[in-house]
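The values are calculated or read from the model by the stated rules, or taken from the named source; none is laboratory data. Treat the numbers as computed from the prediction; the structure is a model and nothing was measured. All Cβ positions, glycine included, derive from the backbone under ideal geometry; neighbour counts span all protein chains shown. Side chains are part of the model used for accessible areas, which takes the heavy atoms of the whole protein and leaves out ligands, DNA and RNA. Shrake-Rupley method; radii C 1.70, N 1.55, O 1.52, S 1.80 Å.
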Amino acid sequence: MRLYLICILSLTAYGLSGQAEYPKDSFRSPLDVPLILAGTFGELRSDHFHAGIDIKTQQRQGLPVYAIADGTVTRIKVSHWGYGKALYVAHPNGHTSVYAHLQKFSPEIEAYIKRIQYERRSYEVEVFPDFGELSVKKEDLIAYTGNTGGSSGPHLHFEIRNSISEKPTNPLLYGLEVRDATNPTLTDVYAYPLSDNAQVNQSQEKIEINFYRQADGTFLADKVFALGTIGFGVVAYDRQDLAANKNGVFSIKQKVNGKLYTDLDFESFSFRETRYINTLIDYEHYNKYKKRIQRCFKAAGNKLGIYNNLYNDGKINVRDGLTYQVEIEIADLEGNVAKLLIPLEGRTQEIVKSKEEEASENFLIASKPNNYKLGSASVYFPTNTFYQDFYIDLEQGSDTIKIHDSRVPAHKRFTVSFDITKYPPEERKKLFIARLDRYGKPNYMSTFKRGTTFTTRTRHLGTYTLARDTVPPKVRSKNFKNKQWLTNYRYLSIHISDDLSGIADYNATLNGDWILMEYEPKTKTLTYNFDDKILDKKQCELKVVVTDNVGNTTTFNSSFYRN
Ligand SMILES: [Zn+2]
């Protein structure tokens, strides 16, 4: 009897329907404010799927963040980019919660990380505390929300990962409450002729399909006439009840004559596969129009594991004279659905829009390594840098090379090299490899300099050039003047910028001792907190040395007084 009871209890604790991975009542919310999302799990982002949820923080920073359950801090990372200040807490049930873009940590964790920052003399640090070194209890204050790293507005980025595989899972599967009775919104539908002679509505190229909302809320497309192997793609977003944010949808299902052809969802994915997002979306379309079409079929090179079911790779073989009913269902996690019906008929039609044939002298075979010499520069693509073969467009000028363009996504890094022999040695120091953006502005690329060869590794096709930076960074104080009394000041704030190659390094001392200055690239600000150090002298000498990516240096000196 007792054994029986224990079984029931443990089954209940982990849910009864094979949902053992998603305990529903173990975790509290990381915040005390209602959960309103600025981003959902699996949302389509640039080169990755969003690995967590973005919780809105009332347009401000400093909201308390709580441990969602008992656990131990396993990782603290502070970086200028990415997650900014981030905290990882492992819980006994095998899940790790992640809190990112934080303003600061709780006093205990803040003291722990500052000690390490002073030891290593670096704002950017990553530490893995020993198990139990920093224990937390459910509801403990662990941090404050912020806007650090690659965040474009105050919010909390929150993840739940499997502690062992590190696979992020959809945090909303754990019973966190988000009000959502709003259906996903379908904005565009496209049909793709896929086989050699396939056609859709007199086109051999991708074509947009018109559709209308019907009285019952479902959508009906104009009848599609096609032949050969075709596929569909949709542009859709999901909105929750309390915000206007256009978030990602949870699942897409495609049925043909009632048979399930495609079934994908964002329950979980791995960081290893996240870049394959560029095979799920129509990358060329995205590059041109900034709109992401999610394709209901599996395209070349797609190794995503987000499919629960895939028949014929989601592709439809359309035969002359037959009719098909295609049904696409786009759902959010609450089960709100946008449903589209596409009547489809097999018919040969006169082609009005024929296939755009692209050709250049270089046909790149993706499954082989490829090396191209472009004057004094060269480019090397390792095997499977790309998802498919294509005609690569290459051009060479003096110190500027065009390596195709940004329409084609690269999965792996490739190498771009320049021979700089013709430059005198003192000039070489100021040179770096830059990629020109769409406005022709040079962007610094990490440049490895070995002898007379400069090399960079990149995943972006486009135009590369040798650029020159001879101007040192600019450094100025933001909230104090030289020889000022700063007795009641809590912070020193300094503005740093570099016009071309960018900030590589900064170092500050007070009366000769290294001090921690927190760098926020978005606001170009270095901040020193007077709480860090008890100053033993009335007169303080501040020295800040800032270096750009080619080694141009600016030294800023200032004195101030403090009681
Ligand atoms: Zn996020």
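How much net charge surrounds V256 when only the other residues with a Cβ under 14 Å from the Cβ of V256 are counted, with Lys and Arg +1 and Asp and Glu -1?
Net charge around V256: 0.
Within the accessible area of the chain, what % is carbon and sulfur when the probe is 1.4 Å and the other protein chains stay in place?
On the way: 13140 of 27270 Å².
Carbon and sulfur: 48 percent of the exposed surface of the chain.
Quick check: pseudo-label points 7 Å beyond the Cα along Cα→Cβ at F131 and R438, how many nm apart are they?
If labels sit at F131 and R438, their model points lie 5.0 nm apart.
If you count only protein heavy atoms and use a 1.4 Å probe, how large is the accessible surface of V545, to the nearest 10 Å²?
40 Å²
What is the distance, in nm, between label points placed 7 Å from the Cα along the Cα-to-Cβ direction at Y289 and at N488?
Using points 7 Å along Cα→Cβ, the separation is 5.8 nm.
If each residue of separation counts as 0.36 nm, what is the full-extension length gain between K355 and D25 once their alpha-carbon separation is subtracted?
113.3 nm
Suppose accessible area is computed on protein heavy atoms with a 1.4 Å probe; arrange D320, D70 from highest to lowest.
The ranking, largest first, comes out as D320, D70.
Would you mind computing Rg(Cα) / (2.2 N^0.38 Å) for the chain, counting N as its residues?
Here the Cα radius of gyration is 1.14 times the empirical estimate.
How far is helix 107-120 tilted off the main Cα axis of the chain, in degrees rounded to 10, range 0 to 90?
70 degrees
Return the loop-located trypsin sites (Lys or Arg not before Pro) in segment 166-243 (DSSP other than H, G, I, E, B) with at most 15 other Cβ atoms within 10 Å of their own Cβ; answer none if there are none.
Details: sites: R179, K206, R213, K223, R239; in loops: R179, K206, K223, R239.
Within segment 166-243, the qualifying trypsin sites (Lys or Arg not before Pro) (loop, at most 15 other Cβ atoms within 10 Å) are R179, K223.
List the trypsin sites (Lys or Arg not before Pro) in segment 419-500 that DSSP assigns to loop (not H, G, I, E or B) and whose Cβ has at most 16 other Cβ atoms within 10 Å. Which are they?
Sparse-neighbourhood loop trypsin sites (Lys or Arg not before Pro): K422, K429, R438, R459, K478, K481, K483, R490.
Would you please classify the overall shape of segment 258-343 from the alpha carbon gyration tensor, given that a ≥ b ≥ c denote the square roots of the eigenvalues, rounded means a/c under 1.5, and beyond that prolate means a/b larger than b/c while oblate covers the rest?
Note, shape of segment 258-343 comes out prolate.
FRET efficiency for K533 and Y212, Cβ-Cβ distance as r, R0 = 56 Å, nearest 0.05? Working shown, then result.
Details: r = 67 Å, r/R0 = 1.20.
Efficiency, from the Cβ-Cβ distance: 0.25.
May I ask for the angle, rounded to the nearest 10°, between helix 2-13 and the longest principal axis of the chain, with both axes built from Cα atoms and the value confined to 0 to 90°?
Helix 2-13 sits roughly 90 degrees off the main axis of the chain.
State the percent of C-alpha pairs, over all pairs in segment 109-251, separated by a distance greater than 17 angstrom.
So the portion of pairs separated by more than 17 Å is 78 percent.
What value in Å³ per residue do you get for the convex hull of the alpha-carbon atoms in segment 353-414?
Details: hull volume 6.2 nm³, N = 62.
Convex hull of Cα atoms, per residue: 101 Å³.
Send over a whole-number figure in Å² for the accessible area per residue of segment 402-544, probe 1.4 Å.
54 Å²
Of all the Cα-Cα pairs you can form in segment 222-306, what percent are over 21 Å apart? Spell out each step's value before the answer.
On the way: 1374 of 3570 pairs.
Considering segment 222-306, 38 percent of its Cα-Cα pairs are separated by more than 21 Å.
For the chain, with only Lys/Arg (+1) and Asp/Glu (-1) charged at the beta-carbon, what is the dipole magnitude about the Cα centre, in debye rounded to 20?
Values: 73 positive and 67 negative charges, 314 e Å.
It comes to approximately 1500 debye.
If you filter segment 113-147 for GluC sites (Glu not before Pro), then keep DSSP loop positions with at most 14 other Cβ within 10 Å, what is left?
Filter output for segment 113-147: E124, E133, E139.
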